[in-house]
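Enquirer: Before I ask anything, let me first share the structure, which is written out below as structure tokens.
The values are calculated or read from the model by the stated rules, or taken from the named source; none is laboratory data. Since the structure is predicted, the reported quantities are computational estimates derived from the model, not experimental observations. Don't worry about glycine lacking a Cβ; one is built from the backbone with ideal geometry, like all the others, and counts go over all protein chains shown. In case anyone asks, the SASA skips ligands and DNA or RNA and just uses the protein heavy atoms, side chains included. Shrake-Rupley method; radii C 1.70, N 1.55, O 1.52, S 1.80 Å.
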Amino acid sequence: MGKVWILMVFMLVRMVSNVEGARKHPSSAKRIHTLFSVECQNYFDWQTVGLMNSYRKAKQPGPITRLLSCTDEEKNNYKGMHLAPTFEVPSMSRHPKTGDWYPAINKPAGVVHWLKHSKEAKNVDWVVILDADMIIRGPIIPWELGAEKGRPVAAYYGYLIGCDNSLAKLHTKHPELCDKVGGLLAFHIDDLRVFAPLWLSKTEEVREDRAHWATNITGDIYGKGWISEMYGYSFGAAEVGLRHKINDNLMIYPGYVPREGIEPILLHYGLPFSVGNWSFNKLAHHDDGIVYECNQLFPEPPYPKEVRQLELDPNRRRGLFLSLECINIINEGLLLQHAANGCPKPTWSKYLSFLKSKAYAELTQPKYVNPATLQMMEDIKEEHIDDGAGKPHPKIHTIFSTECTTYFDWQTVGLMHSFRRSGQPGNITRLLSCSDEDLQQYKGHDLAPTHYVPSMSRHPLTGDWYPAINKPAAVLHWLNHVNIDAEFIVILDADMILRGPITPWEFKAAHGRPVSTPYDYLIGCDNELAKLHTSHPEACDKVGGVIIMHIDDLRKFAMLWLHKTEEVRADRAHYARNITGDIYESGWISEMYGYSFGAAELKLRHTVNNEILIYPGYVPVPGVKYRVFHYGLRFSVGNWSFDKADWRNVDVVNKCWAKFPDPPDSSPVDPANNEDLQRDLLSIECAKMLNEALNLHHQKRCSSDNSLSTSKEEEKKEEGGVSRVSNIDANDDSISNNISTNRLEESTDVRKDEVPSSFRFWVICLWAFSGVGFLVVIFVVYSGHRRRGTRLKHGRRRRSLHTGFMETNGRDRHSRGVEVPL
């Protein structure tokens, strides 16, 4: 009897100990499973190798499963079953009912199939969903990110503007619940079970709604419904009332500059990126069998030492290091996989030595989220309200004016590329002024969200040839013909490159108080010219370039801007340089005076900010983070130079792979001369951005390889309906705008609901795996070995961690997972 009591006491103590252990180590009590979806292609195999290597290095807790969608024919020839723990899913690339070819539907279809048929799905509490083209930098644990049952965590996909218009009203009963999210998904299993079938059916529904694939509804510049799956996700979640906690910090595209103080734990290399003259684009390796070619790697990137010399700004340098980390982890994974495939040991090289070095191990240790990274977008809004603003940030719309010429087209390509990278909130619209004849021959309709404007280059009344008047004329036309829901308008010129967001709340723009940049050469504000052309010459501000103005002010002002431009242009008696400051004395800057005099007429005084804009070639003020390059003047670095006027009649947009002469990688000046060095680095940055934009444009337009046809659509999906960045990725988070109306909206993807399955096949597999498992147990018991053997199920193997990846903060296990559209 005493022994029984002792046994009962022992069991009670053990139970209490287990409960306490679960409290201290919640990951043991909250089971995590990571999923990612692929197809039976070499393209997805090398991505799988990279993701699996990062999964091991980052110490993600819980198992990971590859959802492999293959046709029977593809499966017969497939070589990669051993690359990851795998759950096979019948392919839905070709829809079994409609015949529609849409591979993206395999993602929700695969998740639904896994939930219905996988035994592992019955033994999990949390699920994180990733894409294959991701690199995990550190564990993502759903509850540490703030996920709760009923409140999944996801990344922000701002370009899904269909959530704000008729598309949402058509496809969900609760459009007000539509969240613009994707990328990283961290779900409670109960929520996922309820939601997943809706994700699939809504994807099918949006995919079939061809009548609403248009750019002005979805934001998809291709208008082909490629991002239907993304909308299927958002509409499905809205339908079941599932609201997300939205985080815009956890995931970053290589090539983007991380926000200060933010430690992203997921890299999504869906877009091209570059470091110096080295670049990587996943689409260039669509048919690459590099996984099965012994000791073949992707081109080695620069070494960290070279990057430190290339970029002095610490935050931009950190962005370049993220790009290096991404490609190095993929290459490391390929080396390990080649060894597992039985390849001979590779010959020594400096790069292989680096990948095995202590320095590399330290650079790729697991990263852990900090409080700033965990901040949700809704928390930021609340802070803004507490700051005294009294309401969330106002909506912004960015506009710029161009004409139907290739000269403006390459500028448009550059500006749009930089817009996507800059993090500028809201939509963007190109105001395109063309004559009917020009419009018939014009090839650049797809370069930007566009509002078409009748050309006023040749004045309809006076016959004066003055193309600059199109700017105020186009703004007025846009205001009169478009339903604009933004509170503040940012006006730029086409020959500008955005380096960061320009917002009214940061630069203190307000109703009745626009913000602009100084144009000190407008000396007419101080002399008789102002007295002739405005009733309030004392209110004349010498400003231009970048303008941030409240929409109500702009509506009152735009007509005066146009009329005063006409008035100054007609005043030929006062074109002289000593009156206008125009060195050509041709009245070319009449539009600028039209702006200043029109604003003065309304006594609309500006806050003048000299930290927004800089001309490449100018010496920057130390510590100022300029948001805009205005490359209106010639600039040079050593013997290299660039002048936009030299490219007025050169078509670098429609001639495949054309670009500007590459600037030097570094400044030739003595590093001790910091002012000139910073000047040159900014000039190099501007020129490289233009060439990156052209490169991306040509990748989209010029590839004749049929195998890339699907890749182009994938490229579109990566940007969520926004053209991509050349060799540097621009984030995302994309833009909505108008082509004849007012906003660009993202198109959506669809996926199908049911996936056929072979019950007999799975029963046979279950019997086979049970037998193998029994043999393994017998072996372990009788051999006395304490280490677990390799599991053969779907090729799943436990991997040893690389040295140098010890955790630095004592946390044993973490969970990470994200999902981004292919």
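Enquirer: What is the number of the single condition among (1) of a type outside the set (D, E, K, R); (2) outside any loop (DSSP other than H, G, I, E, B); (3) at pLDDT below 95; (4) under 22 Å from residue 613 (Cα atoms) that residue 479 does not meet?
Expert: So residue 479 meets the others, but not (4).
Enquirer: Can you name the residue in the range 356-378 that is under 28 Å from the mean Cα position of the chain (by Cα) and outside any loop (DSSP other than H, G, I, E, B) and, of all such residues, is surrounded by the fewest Cβ atoms within 10 Å (Cβ to Cβ)?
Expert: Per the criteria, the residue is 362.
Enquirer: What number of residues within the range 465-504 satisfy the criterion of being within 30 Å of residue 646 (Cα to Cα), in contact (Cβ under 8 Å) with a residue 24 or more places away in the chain and of a type in the set (Phe, Trp, Tyr)?
Expert: Final tally of qualifying residues: 1.
Enquirer: Taking residue 64 and the conditions (1) farther than 30 Å from residue 323 by Cα; (2) without any contact (Cβ under 8 Å) to a residue 40 or more places away in the chain; (3) not polar (S, T, N, Q), which numbered condition does it fall short on, given that it satisfies the others?
Expert: Failing condition for residue 64: (1).
Enquirer: Cβ-Cβ below 7 Å, separation at least six or inter-chain, first residue in the range 35-54 and more than 21 Å from residue 124 (Cβ to Cβ) and of a type in the set (A, V, I, L, M), second assigned to a helix (DSSP H, G or I) and open to solvent by 10 Å² or more (accessible area, probe 1.4 Å): which pairs?
Expert: Correct list of pairs: 49/337.
Rundown of residues vs (1) assigned to a helix (DSSP H, G or I); (2) within 30 Å of residue 472 (Cα to Cα), yes/no style:
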residue	(1), (2)
600	yes, yes
618	no, yes
632	no, yes
661	no, no
668	no, no
675	yes, no
693	yes, yes
696	yes, no
701	yes, no
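Enquirer: Test of understanding: among 38, 49, which residue is in contact with a helix residue (DSSP H, G or I) (Cβ under 7 Å, 6 or more places away or on another chain) and farther than 17 Å from residue 114 by Cβ?
Expert: Of 38, 49, the one residue that is in contact with a helix residue (DSSP H, G or I) (Cβ under 7 Å, 6 or more places away or on another chain) and farther than 17 Å from residue 114 by Cβ is 49.
Enquirer: Determine whether residue 106 is modelled with pLDDT under 95 and of a type outside the set (A, V, I, L, M).
Expert: So residue 106 does not fit the description; no.
Enquirer: On to the next question. Being of a type in the set (Ser, Thr, Tyr), modelled with pLDDT of 95 or more, open to solvent by less than 50 Å² (accessible area, probe 1.4 Å) and in contact with a Phe, Trp or Tyr (Cβ under 7 Å, 6 or more places away or on another chain) is the requirement here; does residue 626 meet it? Quick ask: steps written out before the conclusion?
Expert: Details: of a type in the set (Ser, Thr, Tyr): yes; modelled with pLDDT of 95 or more: yes; open to solvent by less than 50 Å² (accessible area, probe 1.4 Å): yes; in contact with a Phe, Trp or Tyr (Cβ under 7 Å, 6 or more places away or on another chain): no.
So residue 626 does not fit the description; no.
Enquirer: Here's another thing I want to ask about it. Is there a residue in the range 302-309 that is assigned to a helix (DSSP H, G or I), open to solvent by 10 Å² or more (accessible area, probe 1.4 Å) and aromatic (Phe, Trp, Tyr)? So that I can check it myself, show each step before the final result.
Expert: Step one: filter the range 302-309 for residues assigned to a helix (DSSP H, G or I), giving 304-309.
Still in the running and open to solvent by 10 Å² or more (accessible area, probe 1.4 Å): 304-306, 308-309.
Retained after the next criterion (residues that are aromatic (Phe, Trp, Tyr)): none.
No, every residue in the range 302-309 fails to be assigned to a helix (DSSP H, G or I), open to solvent by 10 Å² or more (accessible area, probe 1.4 Å) and aromatic (Phe, Trp, Tyr).
Enquirer: Let me ask another. With in a helix (DSSP H, G or I) and buried (at least 16 other Cβ atoms within 10 Å of the Cβ) as the only criterion, which of 517, 565 stands out?
Expert: Criteria check complete, one pass: 565.
Enquirer: Could you list, in sequence order, the residues of the range 503-514 that are in a loop (DSSP other than H, G, I, E, B) and open to solvent by less than 50 Å² (accessible area, probe 1.4 Å)?
Expert: 503, 509, 512, 514
Enquirer: Now for a separate question. Could you list all residues from the range 62-82 that are open to solvent by 10 Å² or more (accessible area, probe 1.4 Å) and under 30 Å from residue 356 (Cβ atoms)?
Expert: As a first pass, look at the range 62-82 and keep what is open to solvent by 10 Å² or more (accessible area, probe 1.4 Å): 62-63, 70-79, 81-82.
Within the range 62-82, 62, 63, 79, 81, 82 meet the criteria.
Enquirer: Turning to a different aspect of this structure: Failed condition for residue 180, given (1) at pLDDT below 95; (2) within 21 Å of residue 60 (Cα to Cα); (3) open to solvent by 10 Å² or more (accessible area, probe 1.4 Å), with all others met?
Expert: Residue 180 satisfies every listed condition except (2).
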